[in-house]
Amino acid sequence: MPARSCASTGEVAQQTGPAKKMKHSSFKPEARWDRAPLPDGSGHQNTDSVDEQIEVLVLFKGTKILPRIFFWNNKAYKIKKITYNWQERFGRETVLYFSVSTGNDLYQISFNNTGYNWKIDKIIN
Amino acid sequence: MILHVDMDAFFASIEQAINPRLKNKPLIVGSRNSRMHTVVCAASYEAKRAGIDSGMSSAEAFKICPNLEFVPAEQSKYIWTSRQIFKLLKEFGFEVLYASIDEFQIDIRDTQNPGLLAEEIRRKIRAEFSITASIGIAKNWLLAKLGSKLNKPDGVTVITEGNLESVLGCFPASKICGVGKNTAAVLEGLGVKTCLDLYFKSAQFLEQNLGKYGLNLYVSLHSIDTFDGVGEPDEPKSIGHSYTLSRAIQNPQFIMAWIRALSEMVASRLRQDNWEASTVHLWINGPEIGNFRAQKAFQQPVSDGHEIYQRCLKIMAKFSPKIPLVRALGVSCSGLAKSAYQQPLFREQKRRGDLLKALDNINSRYGDNSIYPAIVQLAQ
């Protein structure tokens, strides 16, 4: 919320009548979190982690990247729906994450825009 | 007019959007992976209805609702979504401010139909992210924020001079941001029960009974806010990190490793914004000691994790020669001033400065925590 300073009773009349300027807060979404992975790996591990390279057929639509089919362990998985997507920066690299549904199952796959490689990160329960 | 956007159960809603199986189910997002040894970061509305809310221990939440779904928090999703919503709101052509990771404020000036604008914002957020937001609109940020809470989830409340009495009269004063349990009890003792009762109290009355806070509350409730010539962001007063361990631990190496890890996180943020801090604070919580807080001001300001760590150890040694049983701990720095470059007098100081620069460059290029002090490994 915007920070504001204390007022004295005498100032109140002046502050309540006319418009009052608000201040930018110094809030940054990143600052809410411990940015570095914590030493015990809390919140970063996943028991369903796969972390394997995959091949992906992708549609580039405007500025959007839409994975359509991924190939993992000699099997093709047709993506019926991208339920969510987000990005994360690791130093100079950006990783694009997609949670994708094949109908019965849900997977998290990711694209590293520096290494130009796709991975299956995990099976989402 | 200020329009306040408050995302509904933000982290939990994102997890439900990612995994449709979790929709309409009681769900908690835990701050760490261990489902029975963590704290609830966010709860879905289904979980909230069962009496679960943020800040509760997960063990307690599972006791209330054994069929609760659990997902560990993954910060990148929430940060990215927050940034995207901020961008989306900017596209409406008004000035937007961050209030928190899941709250945004917009100065919509004298927009003719603010309710329609709110509907359009909600529609776009839902279409783009499959999550919902509640919106409050009023003459100032405090009433707008209150409005966003009155019709949750997925609702809009416009507070105007015309409906102010009927809206504020229906809700307890504790609904207003900043009126906590203690203040609400004081107000109740004074006969101030509803938001409307509070609204109609004079500045003198509130100052007499609540001090400066009461006066600020009065100003915030009655002002007409605008972003015109919005000022620069407030400079932070302190920078800190804290962490709750999965259980109470007494192992000195482990505790010291954690203090070092937190010191490094704080130092990294200090250096990133070119701050130096003269005061170091240490907070330790444990079953035997309760909350131990101590701080010490030093003549020489710092932005080096090792130095902050050493100062924390000095603070702790004064408190007790023996490491207590620790459940949670935090390190923070205040007395911040912009770092003024001075040619180091001693060779060792220059070497240390060069080393920090090199470490920062490596972490900036390859990602946070690519390189860190070996002692931090002991916290694993």
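The sole residue among B:ASP197, B:ASP110 that is within 14 Å of chain A (Cβ to nearest Cβ) and among the charged types (D, E, K, R) is B:ASP110.
For first residues located in segment B:164-190 and of a type in the set (Lys, Arg), partners that are surrounded by fewer than 18 Cβ atoms within 10 Å (Cβ to Cβ) and lie 6+ apart or on another chain with Cβ distances below 7 Å form the pairs B:LYS175/B:LYS149. None of B:LEU325, B:LEU356, B:LEU329 is within 14 Å of chain A (Cβ to nearest Cβ) and touching a residue at least 40 places away in the same chain (Cβ under 8 Å) except B:LEU329.
Within segment A:80-96, the set of residues being within 8 Å of chain B (Cβ to nearest Cβ) and open to solvent by less than 30 Å² (accessible area, probe 1.4 Å) comprises A:THR83, A:TYR84, A:TRP86, A:GLY91.
Taking the conditions exactly as written (touching a residue at least 60 places away in the same chain (Cβ under 8 Å), within 12 Å of chain A (Cβ to nearest Cβ), charged (D, E, K, R) and out of contact with any Lys or Arg (no Cβ under 7 Å at 6 or more places or on another chain)), does B:LYS139 satisfy them or not? Yes, satisfied. Each residue in segment B:174-188 was checked for being more than 10 Å from chain A (Cβ to nearest Cβ) and either touching a strand residue (DSSP E or B) at 6+ places or on another chain (Cβ under 6 Å) or of a type outside the set (Val, Ile, Thr) (or both), and 9 pass. Do you know which of the residues in segment A:97-122 that are under 17 Å from the mean Cα position of the chain (by Cα) and in contact (Cβ under 8 Å) with a residue 60 or more places away in the chain is most open to solvent (accessible area, probe 1.4 Å)? Checking each candidate, the answer is A:LYS119.
Filtered by the rule that a residue be in contact (Cβ under 8 Å) with a residue 40 or more places away in the chain, of a type in the set (S, T, N, Q) and more than 29 Å from B:ILE2 (Cα to Cα), segment B:56-108 gives a lone residue, B:ASN67.
If you go through segment B:75-92 one residue at a time, do you hit one that is of a type outside the set (Asp, Glu), at the interface with another protein chain (Cβ under 9 Å from one of its Cβ atoms) and more than 20 Å from B:THR132 (Cβ to Cβ)? Within segment B:75-92, one or more residues are of a type outside the set (Asp, Glu), at the interface with another protein chain (Cβ under 9 Å from one of its Cβ atoms) and more than 20 Å from B:THR132 (Cβ to Cβ).
A quick yes/no check of all residues on (1) within 30 Å of B:VAL376 (Cβ to Cβ); (2) in contact with a strand residue (DSSP E or B) (Cβ under 9 Å, 6 or more places away or on another chain):
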{"site": "B:LEU168", "(1), (2)": "no, yes"}
{"site": "B:PRO172", "(1), (2)": "no, yes"}
{"site": "B:LEU190", "(1), (2)": "no, no"}
{"site": "B:LEU196", "(1), (2)": "no, no"}
{"site": "B:PRO236", "(1), (2)": "yes, yes"}
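The residue that is surrounded by the most Cβ atoms within 10 Å (Cβ to Cβ), counting only those in segment B:164-199 that are in a helix (DSSP H, G or I) and polar (S, T, N, Q), is B:THR183.
What number of residues within segment B:1-58 are acidic (Asp, Glu) and either at pLDDT below 95 or touching a Leu at 6+ places or on another chain (Cβ under 8 Å) (or both)? Lay out the reasoning, then the answer.
Pass one, segment B:1-58, residues acidic (Asp, Glu): B:6, B:8, B:15, B:46, B:53.
Next, only the ones that are either at pLDDT below 95 or touching a Leu at 6+ places or on another chain (Cβ under 8 Å) (or both) stay: B:15, B:46, B:53.
Total satisfying the criteria: 3.
Right, B:GLY290: at positive phi and more than 14 Å from chain A (Cβ to nearest Cβ) or not? Yes, satisfied.
Candidates are the residues of segment A:53-64 that are modelled with pLDDT under 95 and more than 14 Å from chain B (Cβ to nearest Cβ); the one that is farthest from A:TRP118 (Cα to Cα) is A:GLY62.
The single condition among (1) touching a Lys or Arg at 6+ places or on another chain (Cβ under 9 Å); (2) within 11 Å of another protein chain (Cβ to nearest Cβ); (3) not β-branched (Val, Ile, Thr) that B:GLU46 does not meet is (2). For segment B:200-227, a tally of residues being without any contact (Cβ under 8 Å) to a residue 60 or more places away in the chain and either charged (D, E, K, R) or facing chain A (nearest Cβ under 8 Å) (or both) returns 9.
Can you tell which of B:GLN250, B:GLN272 is within 27 Å of B:GLU95 (Cα to Cα), more than 7 Å from every other protein chain (Cβ to nearest Cβ) and open to solvent by 10 Å² or more (accessible area, probe 1.4 Å)?
On the way: B:GLN250 fails: within 27 Å of B:GLU95 (Cα to Cα).
Being within 27 Å of B:GLU95 (Cα to Cα), more than 7 Å from every other protein chain (Cβ to nearest Cβ) and open to solvent by 10 Å² or more (accessible area, probe 1.4 Å) holds for just one of B:GLN250, B:GLN272, which is B:GLN272.
How many of the residues in segment B:310-319 are closer than 19 Å to B:ASN285 by Cβ and either open to solvent by less than 30 Å² (accessible area, probe 1.4 Å) or in contact with a Phe, Trp or Tyr (Cβ under 8 Å, 6 or more places away or on another chain) (or both)?
The initial filter retains those residues of segment B:310-319 that are closer than 19 Å to B:ASN285 by Cβ, namely B:312-313, B:315-319.
Filter again for either open to solvent by less than 30 Å² (accessible area, probe 1.4 Å) or in contact with a Phe, Trp or Tyr (Cβ under 8 Å, 6 or more places away or on another chain) (or both), leaving B:312, B:315-316, B:319.
Qualifying residue count for the region: 4.
Looking for whichever is among the polar types (S, T, N, Q) and under 29 Å from B:GLY147 (Cβ atoms) here; the options are B:SER44, B:SER76, B:SER31, B:SER58. Which one fits? Spell out how you get there, then give the answer.
Values: B:SER76 fails: under 29 Å from B:GLY147 (Cβ atoms); B:SER31 fails: under 29 Å from B:GLY147 (Cβ atoms); B:SER58 fails: under 29 Å from B:GLY147 (Cβ atoms).
Only one candidate passes the filter, namely B:SER44.
The values are calculated or read from the model by the stated rules, or taken from the named source; none is laboratory data. In this text the structure is predicted, and so the values were computed from the model without any measurement. Cβ atoms come from the backbone with ideal geometry, glycine included; neighbour counts cover every protein chain shown. To get the accessible areas, we keep the full protein, side chains included, count just its heavy atoms, and leave off ligands, DNA and RNA. Shrake-Rupley method; radii C 1.70, N 1.55, O 1.52, S 1.80 Å.
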